[in-house]
Amino acid sequence: MCIAIPAEVIEIRGESIALVDFGDLQQEIRIDLVDVEPGDFVLVHVGFAIQRLSREEGLETREIFRQVYAAMEE
Amino acid sequence: MSDGQRIIETLHALVDEDIAIMHICGTHEAAIARAGIRSLLPERLKIVMGPGCPVCITPQGEIDAALDLVDQGCIVATYGDLLRVPGTRGSLESSGGDVRVVQGVHKAVEIAQREPEKEVAFISVGFETTAPTVAAAILGNPPENFSILSCHRLVPPAMQWLLEQGEAELHGFMLPGHVCTVAGYREYERFPVPQVVAGFEPEDILLGLVMLARQIRRGERRIENAYPRAVTREGNAKAKRLMYQVFEPVDVEWRGFPVIPESGLRLRQEYARYDAQKKFCIEIKHVEKHSACICDQVLRGIARPSDCRLFAKGCTPRTPVGPCMVSQEGACRIWHLYESRRA
């Protein structure tokens with residue numbers, strides 16, 4: 001139920017709809033819950049963006065993970 | 001050495017007593033089972049499943065209410081996961097009614113716009129992750145032939161119940177990453193127990209377990225965030241605002257639990273015209289269970305799917321007896337898919 005998948009915003013289409021790219025699929029989603037612009041990354045759940053991710057985080061989650069891990073070892 | 005390998009070694013070095021950690025998220029269970037994480041853990045560390053599958057914790061009375069909506073001639077729109085959950089008299093799938101699977105609430109609204117002569121009722125399940133999407137749809141003024149059966153639940157009240165009850169003997173909680181993406185984790189700070197918000201990659205989950213094991217070993221009780229790329233302390237403020245603009249908390253029963261105060265969401269009076277329960281005079285009844293199914297104990301974290309006499313015998317994904325064998329996020333279905341082949 002709570003699956004959410006990162007996607008890149010390609011185009012804003014009207015007040016609350018955006019075209020996003022999931023990597024191998026482009027789809028229109030609802031953006032009522034976030035303020036986004038093209039180029040932003042979002043987490044998509046049941047057809048709605050539920051949070052904006054920073055571009056870097058959207059592109060490379062592993063790097064963030066490594067940073068957390070490094071911080072933990074301190 | 002890979003990150004995952006390093007974390008597993010760290011984890012083994014940290015655990016030298018019996019530890020039980022509960023997650024409250026079906027997506028976590030699916031990730032844990034898929035990656036075979038339990039087989040990598042120290043012997044004394046157990047991951048316990050909590051009430052983290054919204055379809056599974058929806059009590060039978062609410063499934064029966066959805067079937068009542070079919071009987072009243074509504075088009076019933078729902079997530080696919082709910083289709084085969086057994087009610088007192090069959091499931092939505094076997095109801096013979098006009099039941100349509102939708103991606104989300106907005107698609108149900110589109111059906112109502114396309115078919116104005118019919119009533120469309122959306123069976124609205126889900127935690128804090130999902131409820132704001134429904135709030136946004138309601139605020140978009142859907143047509144009058146649209147309504148929802150609100151089966152939403154909030155996670156913190158259930159966690160409070162589990163902590164007060166204490167039957168599962170838990171040492172820490174792995175908080176649901178996407179519930180917290182929306183809701184944040186500030187509300188969980190009141191719980192005096194080790195907690196870590198975790199993401200859904202195997203490394204995210206292992207990292208969360210390391211953080212929890214470290215807190216437990218040091219005798220700490222705080223919240224750490226192992227999913228900072230999506231989760232902040234405050235969450236998505238806009239989503240929360242819309243959710244509480246449209247819904248208000250209400251005391252409701254969860255499957256396997258008694259009535260938990262303020263753990264559900266009902267439409268506020270201003271939006272009562274979209275409340276399917278009021279519109280079609282549907283009463284939600286408490287239903288006693290009679291089968292040998294132990295979904296209730298699985299949801300409270302005191303039994304594993306394989307403890308059930310029916311598991312993989314009378315109850316399979318093709319012939320589900322309880323909801324945990326139906327939903328993609330149900331513990332029994334996940335175990336049937338992955339764990340039962342490992343034993």
Notebook entry, point to check: What list of whole percents do you get for P(r) of segment B:295-342, with Cα-Cα distances grouped in 10 Å bins up to the one holding the largest distance?
Noted result: 33, 62, 6
Checklist line | Stretchable slack from B:ARG100 to B:GLU234, in nm (0.36 nm times residue separation minus alpha-carbon distance) | finding: 44.7 nm
Check: Given a cut-off of under 8 Å on Cα pairs at least six residues apart, what relative contact order in percent is computed for chain B?
Finding: 22
Note to self: Nearest 500 deg cm²/dmol is fine: what mean residue ellipticity at 222 nm does the protein assembly as shown get from its DSSP H runs of n ≥ 4 alone, each adding -39,500 (n - 2.57), divided by its residue count?
What the structure shows: -9000 deg cm²/dmol
Next item on the list: Would you please report the Å³ per residue occupied by the convex hull of the alpha carbon atoms in the protein assembly as shown?
Entry: 140
Check: Whole-Å semi-axes of segment B:185-230's equivalent ellipsoid, largest first, each the root of 5 times a Cα gyration tensor eigenvalue?
Finding: 18, 14, 6
Item checked: Rough spin-label spacing in nm, given labels placed 7 Å along Cα→Cβ, for B:ALA20 and B:ARG190 -> 2.5
Item checked: On Cα atoms only, tilt of B:202-218 relative to the major axis of chain B in degrees -> 60
Checklist line | Spatially proximal lysines relative to B:LYS118 (Cα-Cα < 23 Å; intrachain offsets below 8 disregarded) | finding: B:LYS107, B:LYS278, B:LYS279
Note to self: Take B:VAL287 and B:GLU270, extend 7 Å from each Cα along the Cα→Cβ direction, and tell me the distance between the two endpoints in nm.
What the structure shows: 3.5
Note to self: Could you check the spin-label model distance between B:GLN72 and B:TYR244? Points 7 Å from the Cα along Cα→Cβ, value in nm.
What the structure shows: 3.0
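Bear in mind that the values in this text are calculations on the coordinates, not laboratory data. If you're wondering where the values come from, they're calculated on a predicted model, not measured in any experiment. Because the Cβ atoms are built from the backbone with ideal geometry, glycine has one as well, and the counts that use them run over all protein chains shown.
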